[in-house]
Every structure is written in structure tokens, then in C-alpha cells.
Amino acid sequence: MKKKVQLVLGSGGARGIAHIGVIDRLLEDGYEIVEVYGCSMGSVVGGMYCAGFLPQYRDWLVRQTKPDIYGLFDITLSMQGFVKGERIFSVLEQIAGKQQIETLPIPFVAVATDMLSRSEVHFNTGDLYKALRASTGIPGVFKPVAENNNLFVDGGVLNPLPVSLVKRRDDAIIVAVDINGPSQAKPATVVPETKVPSEIESETWEMVSKLRRYLSMSPEKQDKEPAPPSFSMFEILDASYDATLDRLVEVMLQFYPPDILVQIPRNAASVFEFYRAAELIDIGKAQYNKAKEISNIKE
């Protein structure tokens, strides 16, 4: 009899590709994934796995270059966000075809946030891609999904690692993957910076890069700077969002500890570096191996 896993996949942009590596290693270890709870990019990987099309999605991802990825961003002038997101999810539908959540071979839940009611919404029925689009709407980046009396944004706003939704089974272990884990002092692979394609070039990318470099400095190094950096509104919002995610995950783990917690370092990749798919999948496998070693799970 196969060992069973209730799998929870968290939010965090492109780092969520590491979820694929974790799933690969779970299957290699002989586990049967019996249900998946996903948030944001965790919902995308989880949804494609539960639909039975994760290998095809992986193959597509690892072929994407930086221009390919940014070419999927259907830019809009909306005041609610600068990316529609429709083009990205049309690709998923091309890969997996029409899918209804309630008919997936493996039970699946996608977590989104309704900004109007300020509450979590758990999609366990209905159109898969509509649920994934609702779950992944990073505020200020993707246009929210408006439906009936709801305005859906990223599920990570309220529950970035939805371990609270899992009803523990006696015949299974809970594995959670946090893709906003502590940064590593020396990332496994250093990828040279390359220029963003001119058609979507923006000061935003440079601002985010500067903020990441500043936040990675030690306090001592910061004190030696001649003057504190001048943060833009976008940089302050970005850092605040990260801090909120960290605290929410910390609280969730205190009250709902999983049997195995896999942590993907936050500095493994930035939110939009989907073109580093092969590397991120390997990072997921390596971090799973580390988490398994320190867990108390017996084979």
C-alpha cells in the first residue's frame, strides 16, 4: 500500500515552480498524493497535477525563455493592475483542455481572496482556470477577477500557505511547501542579470532589484551606507507585502504544523523569473531532501 500525502502548496510567484520538484520527489519516494490545497502559483502547479497534466506543464515551462515569459504578459492600462492574465491561462487550457475542479482525478482546492468581503474563498468546484486566475491575482500587478458580487485577488493576501484547510487523515501525512522561506546566504546558482525585453521595460524591475539587494544586506553594512535609500511607493508596498506573508505563514505553522515543511528560499528567484524553471525544479527537489532529513517521518 502506498504512503499517502495531503499536500499544501504556497504562494510566491515564480518560486512556485519549485513545487514541481517537491511533487517529483514525493512520487519517487512512493507517496500517493490524495489531495492538494494550493494558493497562487501553488494553485497552478497543484491544479495541473490534479488534472493529470503536470508533466506537460513542466515540459512547456522549461522551454520558456525570458522573452517568451514576458510575451505572455498582456499589458493593460487599468487602474487596478497592469496585467490582464488572460493570455497566461489560455496556455494552461491549451495544455490540459477544459477542466472542472469537481471532476479532477485528485481532490483540489484553490484559495483566493475576495476584496469586497475581505474573506478567503475556497474553490473546490467550477471551472479550473477561473479558479486559478482568481487565486493568482497579485494586487496591483494582475487585474482582479470580478464575478457577481466578488472581486478576487491573490489568495496569499489572507492565507499564503493554507495548511489551516487540511482535515488531517489518519492514513496520511501533511506536507507543506513554503516558497517564501529564509533566504540563503549563498544561492545555489547565480544567474547573470539580463535586460528585460524593450516592449515591457519599466523602472519597476530596477526598483524591485534595488529593494531585494538592500533587504539582503546585514544591519552592519546598512549602517555604513552614507545615507538611507529612498524607497518608492512600489518598493515600500512590495516589502510590506512580503513581511505580511511571512507573519501569516508563521502564525499558520504554529497552529497547523505539517509533518514535513519544505522551505524554498525567498532569494531563489524573483516573482517573475519563470524562465528559470529547470533550476527552480531542482531547488524544490533539494529542499525536499533537506526537509525530509530533519522530519520525524519514518519510512
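Summary of values
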| quantity | calculated |
| --- | --- |
| Where a residue in region 49-66 is within 16 Å of PRO107 (Cβ to Cβ) and its partner, wherever it lies, is open to solvent by 60 Å² or more (accessible area, probe 1.4 Å) and at pLDDT 95 or above, with Cβ under 6 Å and at least six apart | GLY52/PRO105 |
| Unmet criterion (only one of (1) at pLDDT 95 or above; (2) touching a Lys or Arg at 6+ places or on another chain (Cβ under 9 Å); (3) loosely packed, with under 14 Cβ neighbours inside 10 Å) for SER78 | (1) |
| Test: residue in region 23-34 that is surrounded by 19 or more Cβ atoms within 10 Å (Cβ to Cβ), at pLDDT 90 or above, of a type in the set (Val, Ile, Thr) and over 15 Å from the mean Cα position of the chain (by Cα) | yes |
| Identity of the residue in region 246-263, at pLDDT 95 or above and under 14 Å from the mean Cα position of the chain (by Cα), that ends up least open to solvent (accessible area, probe 1.4 Å) | VAL262 |
| Some residue of region 3-17 being modelled with pLDDT under 95, surrounded by fewer than 24 Cβ atoms within 10 Å (Cβ to Cβ) and not in a strand (DSSP E or B) | yes |
| Condition broken by TYR37, with the remaining ones in (1) crowded, with 18+ Cβ neighbours inside 10 Å; (2) assigned to a helix (DSSP H, G or I) satisfied | (2) |
| Residues located in region 265-299, provided they are touching a strand residue (DSSP E or B) at 6+ places or on another chain (Cβ under 7 Å), surrounded by fewer than 18 Cβ atoms within 10 Å (Cβ to Cβ) and either part of a strand (DSSP E or B) or among the polar types (S, T, N, Q) (or both) | SER295 |
| Failed condition for ARG87, given (1) crowded, with 19+ Cβ neighbours inside 10 Å; (2) modelled with pLDDT under 95 | (1) |
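The values are calculated or read from the model by the stated rules, or taken from the named source; none is laboratory data. A quick note: this is a predicted structure, and the numbers were derived from the prediction, not measured. Neighbour counts are summed over all protein chains in view; Cβ atoms, including those assigned to glycine, are modelled from backbone coordinates with ideal geometry. Keep in mind that these areas ignore ligands, DNA and RNA; they rest on the heavy atoms of the full protein, side chains included. Shrake-Rupley method; radii C 1.70, N 1.55, O 1.52, S 1.80 Å.
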